[in-house]
Every structure is written in C-alpha cells, then in structure tokens.
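Here the structure comes first, spelled out in structure tokens, and everything after it is commentary.
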Amino acid sequence: MRTLLADCRPREAYDAGHAPGAVHLDPDRDLGDPVVDARHGGRHPLPSPERLAALLDARGIDRDTFV
C-alpha cells in the first residue's frame, strides 16, 4: 500500500504551495457534481461512483492507495 496526499483546497491555494507529491482535487469541480446540485440543491454532493473512480484513477489513486 502506498500513501498519497490529496489537497482539496481551491486551486489557487494548491498552486501557492502544497506538500511535495500531493495531488489536487478541486472541491467544486472534482468532488462535487453540478448536475446533482442543479436537480437536488445542496453543496458538494459526490459525483457518480463511475465519475469519481475515473477521477481518482486519473490522479493515480487506486485500491492500494491510502489517501
């Protein structure tokens, strides 16, 4: 198992400085689903499992990653 730090602050804060090797997950764009927001209201409902899995995979996060 490997460890990976995910920085979920706004992109500007991540760009200004983050832990070495940390990946960025935008709280609005990556961890929220605007379609669900529009239909049901609320803030930051998780995206579909398929979309979330694809996003995490693109960041190098898999079943063997402790985040």
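Structural remarks
- Candidates are the residues of the range 1-23 that are assigned to a loop (DSSP other than H, G, I, E, B) and open to solvent by 90 Å² or more (accessible area, probe 1.4 Å); the one that is nearest to Gly60 (Cα to Cα) is Leu5.
- Of all residues making up the range 34-54, the number that are modelled with pLDDT of 70 or more and not in a helix (DSSP H, G or I): 4
- Inspection of the range 24-33 identifies at least one residue that is surrounded by 10 or more Cβ atoms within 10 Å (Cβ to Cβ) and at pLDDT 95 or above.
The values are calculated or read from the model by the stated rules, or taken from the named source; none is laboratory data. Computed from a predicted structure; not experimentally measured. Note: ideal-geometry Cβ built from the backbone for every residue, glycine included; neighbour counts use all protein chains shown. When the accessible area is computed, the model is the full protein with side chains, heavy atoms only, and any ligands, DNA or RNA have been set aside. Shrake-Rupley method; radii C 1.70, N 1.55, O 1.52, S 1.80 Å.
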